[in-house]
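A.B. asks: Would you mind keeping the following structure in view while I ask a few things?
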Amino acid sequence: MKYERNWAGNYSYSAAECHRPERLDDVQELVAASQTIKVLGSRHSFNGIADTTVSHLSLERMDRVVSLDRNQHRVTVEGGIRYGELCSYLNDNGFALHNLASLPHITVAGAVATATHGSGDNNGNLATVVQSIEVVKANGEIEVFSRDDLSGEFAGAVVGLGALGVVTKLTLDIVPAFDMTQHVYEGLPLVELEEGLDAIVSSGYSVSLFTDWTSPAFNQVWLKQAAHPNTGSVAIETSHFYGAALSDIKLHPVPGYAADNCSEQCGIAGPWHERLPHFRLDFTPSAGEELQSEYFVARDDAYKALAALDGIRDAIAPLLFVSEVRTIAADQLWLSPCYGQPSVGIHFTWKPDWESVRQVLPLIEARLEPFGARPHWGKLFAISPAKVQALYARLPEFRELAKRCDPHGKFRNKFLETYVF
């Protein structure tokens, strides 16, 4: 089978076969005829959320832009399209997405289904711009969930974790295209966040704080500024930023790595889709073979949560490539980790040593438990299923929605049975 491992190489899939349909009716026939089937996207998940022991279905051949509505500011795409290709199309036509994740290599449908996010005080995760999704349910029939529906199910269907069916089409809200600059500052003391968190994370359209946890400080601050007059960004004019110093060279977030594959820095202006991601589409992203974990806490608890982790940095640092801290706006999507609260994501990019990482995750989670930390659905965590389920007040309603779309569990797998059902 072509897709034997995930992107990072830490997870091997168990499917006996992989279908690659080219048309919607092919998807419908495959789904209706299958007893068990799961959609496989760009394989950027680090756990078994997309795994199956029977049939995988890849939408890699269904990756077109279906339509562009210039009047309503919406674009409709097929489920297999990646952000890199969509962003180039939108920019060429004078439009943009409100935000992007660190990597442009991931599929739109997969990112939406797991509430993948970028950064920015006013920026919700990538699922928050979905206006409607087209889903092939277990019986092969199509159902469209729209923001305009009165049933309320739309809020449950968008971050669907692959449990409702195959998302074959999405309509997304878009905005006019804009240019951005990016500056990197080095050496931000952690203590600056105790009083200055709000000012620091609101200083740019998108702000990322990177640390290797070797000291109580952030190695780098990436400030992405939007030139669009309606974005509310503040121009960077100083050589220092809350104790951090402006870098005059391009840097990689992982210490010691060459910055060739990173998006442009040093204040050089460029289109939104070449600045919002940390990495360029035409290069291998991030560190390559790695493990990832991420936890979300309420924005009001961010400094206390980070200070708690600083107390165990000696256990974290030896296993780490880098850790990133970002803010995400609140949303009302049932299974989004940012449901109901402005949030801060605390991300860990680990060295590929699973046995050691597996032992440190419970230490991290114990430190974050007082803050109700929610794990990223597509990354590695050790929180018990009961505790994960308790973090989502709308989970019972989601189960009912999934049961309606998939009465016999055709789209379920070990991960979903464990953490959702």
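A.B. asks: I need a count of the residues in segment 1-55 that are of a type in the set (Lys, Arg) and either in the same structural domain as Ile81 (by TED's automatic domain parsing) or within 15 Å of Gly110 (Cβ to Cβ) (or both).
C.D. replies: Within segment 1-55, the first condition is being of a type in the set (Lys, Arg), and the residues that meet it are 2, 5, 20, 23, 38, 43.
Keeping just the survivors that are either in the same structural domain as Ile81 (by TED's automatic domain parsing) or within 15 Å of Gly110 (Cβ to Cβ) (or both) gives 38, 43.
Number of matching residues: 2.
A.B. asks: Assess whether Ile346 counts as being under 15 Å from Ala307 (Cα atoms) and either crowded, with 21+ Cβ neighbours inside 10 Å or in contact with a Ser or Thr (Cβ under 9 Å, 6 or more places away or on another chain) (or both). Break it down stepwise before answering.
C.D. replies: Working: under 15 Å from Ala307 (Cα atoms): yes; either crowded, with 21+ Cβ neighbours inside 10 Å or in contact with a Ser or Thr (Cβ under 9 Å, 6 or more places away or on another chain) (or both): yes.
Judged against the criteria, Ile346 is a match.
Here is a yes/no grid of residues against (1) buried (at least 24 other Cβ atoms within 10 Å of the Cβ); (2) part of a loop (DSSP other than H, G, I, E, B); (3) on the phi < 0 side of the Ramachandran plot; (4) assigned by TED's automatic domain parsing to the domain that holds Glu78:
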position	(1), (2), (3), (4)
Asp121	no, yes, yes, yes
Gln131	no, no, yes, yes
Ala155	no, no, yes, yes
Glu194	no, no, yes, no
Ser215	no, yes, yes, no
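A.B. asks: Filter segment 327-375 down to the residues that are touching a Gly at 6+ places or on another chain (Cβ under 9 Å) and farther than 27 Å from Phe398 by Cα, then identify the one that is modelled with the lowest pLDDT.
C.D. replies: Step by step, filter segment 327-375, then rank; the result is Pro352.
A.B. asks: A further question on this structure: So how many residues does segment 248-257 have that are at pLDDT below 90 and more than 17 Å from Leu103 (Cβ to Cβ)?
C.D. replies: Qualifying residue count, segment 248-257: 2.
A.B. asks: If you don't mind, there's one more thing I want to ask. Check Phe178 against each of (1) buried (at least 20 other Cβ atoms within 10 Å of the Cβ); (2) closer than 28 Å to Cys266 by Cβ and name the one condition it does not meet.
C.D. replies: Exception for Phe178: condition (1).
For every residue, the table says whether it meets (1) crowded, with 16+ Cβ neighbours inside 10 Å; (2) farther than 17 Å from Ala101 by Cβ; (3) under 22 Å from the mean Cα position of the chain (by Cα); (4) of a type in the set (A, V, I, L, M, F, W, C).
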position: Ala308; (1), (2), (3), (4): yes, yes, no, yes
position: Ile312; (1), (2), (3), (4): no, yes, no, yes
position: Glu324; (1), (2), (3), (4): yes, no, yes, no
position: Asp353; (1), (2), (3), (4): no, yes, no, no
position: Trp377; (1), (2), (3), (4): yes, no, yes, yes
position: Val388; (1), (2), (3), (4): yes, yes, yes, yes
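A.B. asks: Is it the case that Asp301 is among the acidic types (Asp, Glu) and either in a loop (DSSP other than H, G, I, E, B) or surrounded by fewer than 18 Cβ atoms within 10 Å (Cβ to Cβ) (or both)?
C.D. replies: Working: among the acidic types (Asp, Glu): yes; either in a loop (DSSP other than H, G, I, E, B) or surrounded by fewer than 18 Cβ atoms within 10 Å (Cβ to Cβ) (or both): no.
No: the conditions fail for Asp301.
A.B. asks: Filter segment 70-103 for residues that are without any contact (Cβ under 8 Å) to a residue 24 or more places away in the chain and not in a loop (DSSP other than H, G, I, E, B) and give the result.
C.D. replies: Listed by number, the residues that qualify are Glu85, Leu86, Asp92.
The values are calculated or read from the model by the stated rules, or taken from the named source; none is laboratory data. Predicted, not measured: the structure shown is a model, and the values here were computed from it. Here Cβ is always computed from backbone atoms with ideal geometry, including for glycine, and neighbour counts include all displayed protein chains.
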